[in-house]
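First up is the structure itself, then whatever we jot down about it.
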Amino acid sequence: MRSLGLLVAITAGVTVLSATPATAQQPPTVTSNPSTGPAGTSVTFSWSGFYRCKGTIRINWAGSVLATAPWAATGSVTAAIPPGTKVGTYTYTAVDDCQRMARNQFVVTPPPPVTTTTRPPVVTTNPPVTNPPVTTRPPVITTTTPPVTTTTTTTTTTTTDSSSPSTSTTDGLTNPGDGVLLLDKDNIQPGDDLTATGTGCPKGASVTLKSLGQDVGKTTADDNGTFSSPVKFASIEPGRHKVRAECGIVLVGNVDVTLSSSSGGTTSTLVVLLFFLLVGAAMLRRQFSGLRRT
C-alpha cells in the first residue's frame, strides 16, 4: 500500500510539471521606454515573468523605490528619472513581494542645450503726415475818403505903431484860435512895470508866466479863461524878449527892452480897451467855429 501511494504522488507531480506553461519557468524581465534621456525624463517601465506572488511590483532606482504598481505577471508603470541625477549609466530593478527580481540599465544623458529665440524688434513705420495746403487770402483793404470841408477864414490885419501894446503869438503847442496874450507895452526899460493879459485858458487854470527860463509871474484864470498878471523880471538885458503864458495851452508875447527913454508908452485905458476887443474877437471866432462844425 505504501508503494502504491508513493507511486500515485510521483505520478501527480509529473502531471503538474507537464501542465505548467513553458513561459512560467522563464526568469522575469524588465525594460524601459525610452532607455536613455536626461534627468527628469518620463520613462515607462514594463515587466513580465512574475508568477504566483500576489501583492505589488516595485521599481527601484539607485537603492530607492522609484514607482510601485499592483502585482501582475505582465504590466507597466510610468515614472520620471529623479531631477538632479548626474550623467551616467544606472541599474534599475523590478521586484515582487516574493523577492523575485529583474534588472536592466538606463543611461542618463546631458540635458539638451537651452535655445533662446530672440524675436526681431517690431518696427512700426507711421505714414508721413501730410498737412493740407494753407490758403491765405489777401487782406481786404477798405479806403475811406473823408469829406472835404472848405473853410473860409477872414484875416484882419491890424497896423500898430510903437505906442500900441504888443499882441501875442502862439508856438507849435497852441492852436492860434484858442487864446491870446497881450503885453501893455512894446518897449520898456529895466525897472518899468509890465502887465500881461490873456484869454483862452481853461476855467480856473493856474497860469505861469516865463521868460528867459525864469518865472516872471503867476495868476489864476477866471471862469471865462481870462487872466491878468504883472510881469517882473529879476534881471533883464536890452533886446527883444519872449514872454510865455502856460495854462494848459501856451500863449506867447514879445517885449523890447531898451536903455533909452521911450515916448511911445500907451495908457492903461487903451490897453484895457484893446484887451476886451481881442477877447470879444476870440469869443466871436469860437462861435463861428461852432457854427461851421454844425
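The values are calculated or read from the model by the stated rules, or taken from the named source; none is laboratory data. Small disclaimer: the values here were computed from a predicted structure and weren't measured. In this analysis, Cβ positions are derived from the backbone assuming ideal geometry, glycine residues included, and neighbour counts consider all displayed protein chains. Please note that ligands, DNA and RNA were not included when accessible areas were found on the heavy atoms of the full protein model with its side chains. Shrake-Rupley method; radii C 1.70, N 1.55, O 1.52, S 1.80 Å.
Within the range 224-251, the residues that satisfy the criterion of being under 16 Å from ALA196 (Cα atoms) and within 60 Å of the chain's Cα centre (by Cα) are GLY225, ARG244, ALA245, GLU246, CYS247, ILE249, VAL250, LEU251. Within the range 181-191, the set of residues being in contact with a strand residue (DSSP E or B) (Cβ under 9 Å, 6 or more places away or on another chain) and open to solvent by 50 Å² or more (accessible area, probe 1.4 Å) comprises LYS185, PRO190.
Applying the condition of being assigned to a strand (DSSP E or B) and more than 14 Å from MET101 (Cα to Cα) to the range 27-44 and asking which residue is farthest from the chain's Cα centre (by Cα) yields SER32.
When the residues of the range 221-248 are filtered to those that are of a type in the set (Val, Ile, Thr) and within 15 Å of GLY179 (Cα to Cα), the one that is most open to solvent (accessible area, probe 1.4 Å) is THR226. Got at least one residue in the range 253-260 being at pLDDT 90 or above, open to solvent by less than 70 Å² (accessible area, probe 1.4 Å), under 29 Å from GLY225 (Cα atoms) and not acidic (Asp, Glu)? Yes. For the range 46-59, a residue qualifies if it is of a type in the set (Gly, Ala, Ser) and in a strand (DSSP E or B), and the qualifying residues are SER46, SER48. Picking from residues in the range 210-220 that are under 60 Å from the mean Cα position of the chain (by Cα) and over 15 Å from GLY200 (Cα atoms), the one that is surrounded by the fewest Cβ atoms within 10 Å (Cβ to Cβ) is GLY213.
Within the range 196-214, the set of residues being aliphatic (A, V, I, L, M), within 25 Å of ARG285 (Cβ to Cβ) and outside any strand (DSSP E or B) comprises just one member, ALA205. Of the residues making up the range 38-57, those that are crowded, with 16+ Cβ neighbours inside 10 Å and not hydroxyl-bearing (Ser, Thr, Tyr) number 7. For the range 60-104, residues that are open to solvent by 20 Å² or more (accessible area, probe 1.4 Å) and outside any strand (DSSP E or B) total 16. Condition check for PHE227 on (1) among the aromatic types (Phe, Trp, Tyr); (2) touching a strand residue (DSSP E or B) at 6+ places or on another chain (Cβ under 7 Å); (3) at pLDDT below 85: one failure, at (3). In summary, MET101 fulfils each of the numbered conditions (1) of a type outside the set (D, E, K, R); (2) in contact with a Leu (Cβ under 8 Å, 6 or more places away or on another chain); (3) modelled with pLDDT of 80 or more with the single exception of condition (2).
The sole residue among THR74, THR91, THR109 that is within 21 Å of PRO34 (Cβ to Cβ), in contact with a Pro (Cβ under 9 Å, 6 or more places away or on another chain) and hydroxyl-bearing (Ser, Thr, Tyr) is THR109. Screening the range 32-64 for residues that are among the basic types (Lys, Arg) and touching a residue at least 40 places away in the same chain (Cβ under 8 Å) and picking the one that is farthest from ALA79 (Cα to Cα) gives ARG52.
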